[in-house]
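The structure appears right after this line, and notes come after that.
The values are calculated or read from the model by the stated rules, or taken from the named source; none is laboratory data. All values reported here derive from a predicted model rather than from experimental measurement. Using ideal geometry, Cβ is built from the backbone for each residue, glycine included, and neighbour counts are taken over all protein chains shown. Note: areas computed on protein heavy atoms with side chains; ligands, DNA, RNA excluded. Shrake-Rupley method; radii C 1.70, N 1.55, O 1.52, S 1.80 Å.
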Amino acid sequence: MANDSLRQKTLSGIIWGFFEKFSTQLVTFIVGIILARLLSPSDYGLVAMVTVFVTISGVIVDSGFSSALIRKKDRTDLDYSTVFDINVGMSVIMASLLCLCAPLIASYFRQPIITKILYFDALYIFLGSFISVQGTKLYADLQFKARSTINVINSFAQGIVSIAMAITGCGVWSLIVPKIITIFSGAILYWHYQHWFPGYKFSKKSAVEMFAFGSKLLISTIINVVYQNLYPIVIGKKFSSSDLGFYSKSSSFSSLPATTFTNVIGSVAFPVLSSIQNDKERLANAYRKMLRISAYILFPIMISLAVLARPFVVVLITEKWLPCVIMLQILCFDMMWYPIHALNLNLLQVSGRSELFLKLEIIKKAIGISVLAITIKYGILWMCVGSVFCSLIALFINTYYTGKLINLGWGTQMKDLIPSLMVSVFMGIGIYLIDLALSNDYAKLFTGILAGIVLYYTFSRLFHLKELAFLQEIIKNNIIHRK
């Protein structure tokens, strides 16, 4: 019965997680296309310049307490209230620091408007702290449907406001101001679904206990955020805001499918794997299934995007964005491994090895910075190539330590991934050969997509990939039979 209950929660989580991420990312994708046509590459470059500072501020506000709450098996209202108090207090500190540092950051990038942009972001960080714990509670309680509904509505509201502002000529503010709208809509929706407020109780014992786990994740997350935004920082300083805009757009397109699917799997993986953390055999089996499904779904998407990058960019956001095509193609081979990294790191958190998580982040980021230092003098394209190399190195490091924990090392994981990778490569070659016969970008894009779907399904059946049967089972049991 326990296995059936866990299986049902996992499938329910995947379905609702997919609904949430697909819906929100569909809205984000459509809004992004419209905004890319209305705004300039330099507008996106300005936002990319400040992203690292805003993201780090948000990470410090959370301080790893959300993950600690989810992992804690005997959570109480006092625990939630304690984290709420900490989040609000930290948001005041970080928002104030962001405002104080805004003129210095603007001076570094030689863009005075950044000062005002950071003032708005500071307000967003402060207001967001009042609803962060409510989101964590839905996550910890495996209330995937409510969480999905809230995020979809918020995404839609933000998109509508962004487009309206862009049409009226608000420029870069179309990407900044609408975020605050989601704070207020989110507060209303959380209250509707939970009728719960954390209160102002505080437990020093609870705070110390959770921080012992969360602090290591905090440091590793900050390192990761800084590293992920190191390229925009360097490009924004060394090159123009338009160059950064091209890189930012190619990065967002390549990361969209990878992060969307990773968030779907990750939102289910962490709480579900945490619930069976003491059963190594069940943990290993559940992890391997998530790993295979991740590769089976994401590998063909990323390879197709790389092959169809030019018609994709031209059709959706016009030829003014053509310089980002080659960057997009390179970065696809970086981001295709993203969910594999995330699942391996999830396993470290589930196993309570936050100190190892931190150690690995430091090692991988040191390698990445070294590669960046070598490639920066050769230009942005070689910097992108360097990021692919770093991703492969990180893959080996992550899987090596996973093997130490539950005997699922690099060899075992590659054995699980290779079938999906081979089928995806065959599909990519087929798309490329078919598109060689076409000259129109619209025809290339739509023919390539249809051909990719047909080829991938055909090759999956030909090579008897188990993942296809598993997905068909999910659709049959959880969608068709429920109608």
Contact list, first residue from the range 437-466 and within 15 Å of residue 421 (Cα to Cα), second anywhere and modelled with pLDDT of 90 or more and open to solvent by 70 Å² or more (accessible area, probe 1.4 Å), beta-carbon distance below 8 Å, six or more apart or interchain, is 455/426; 459/426; 463/422
Across the range 307-328, what is the number of residues that are in contact with a Leu (Cβ under 9 Å, 6 or more places away or on another chain), surrounded by fewer than 20 Cβ atoms within 10 Å (Cβ to Cβ) and closer than 26 Å to residue 392 by Cβ?
2
Take residue 300 and decide whether it is buried (at least 22 other Cβ atoms within 10 Å of the Cβ) and either in contact with a Phe, Trp or Tyr (Cβ under 6 Å, 6 or more places away or on another chain) or over 28 Å from residue 442 (Cβ atoms) (or both).
yes
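Looking at this structure, is residue 447 over 24 Å from the mean Cα position of the chain (by Cα) and polar (S, T, N, Q)?
Here the answer is yes, as residue 447 does meet what is asked.
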Number of the condition not met by residue 133 [criteria: (1) in contact (Cβ under 8 Å) with a residue 60 or more places away in the chain; (2) over 27 Å from the mean Cα position of the chain (by Cα); (3) part of a helix (DSSP H, G or I)]:
(2)
List, please: which pairs have Cβ atoms under 7 Å, are six or more places apart or on different chains, and start with a residue in the range 195-217 that is closer than 12 Å to residue 72 by Cβ and aliphatic (A, V, I, L, M) and end with one that is modelled with pLDDT under 75 and part of a loop (DSSP other than H, G, I, E, B)?
210/72
Which fully enclosed helices (runs of 4 or more DSSP H) of the range 325-388 have 3 or more residues being at pLDDT below 75?
338-350, 354-375
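Every residue in the range 108-118 that is loosely packed, with under 15 Cβ neighbours inside 10 Å and in a helix (DSSP H, G or I), please.
Passing the criteria: 108, 116.
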For residue 410, all conditions in the list (1) in contact (Cβ under 8 Å) with a residue 24 or more places away in the chain; (2) over 22 Å from residue 247 (Cα atoms); (3) among the hydrophobic types (A, V, I, L, M, F, W, C) hold save one; what is the number of the exception?
(1)
Which one of 403, 411 is at pLDDT below 75 and over 22 Å from the mean Cα position of the chain (by Cα)?
403
Per the filter on the range 387-439, residues more than 30 Å from residue 366 (Cα to Cα) and of a type in the set (Gly, Ala, Ser) are 420, 424, 428, 430, 437, 439
Tally time: how many residues in the range 44-93 are in a helix (DSSP H, G or I) and either open to solvent by 30 Å² or more (accessible area, probe 1.4 Å) or more than 30 Å from residue 171 (Cα to Cα) (or both)?
31
What pairs come up if the first residue lies in the range 87-102 and is among the hydroxyl-bearing types (Ser, Thr, Tyr), the second is surrounded by 14 or more Cβ atoms within 10 Å (Cβ to Cβ), and their beta carbons are under 6 Å apart, counting only those six or more places apart or on different chains?
91/61; 91/125; 91/126; 91/129
Only one of (1) surrounded by fewer than 19 Cβ atoms within 10 Å (Cβ to Cβ); (2) closer than 27 Å to residue 233 by Cβ does not apply to residue 145, and that is (2)
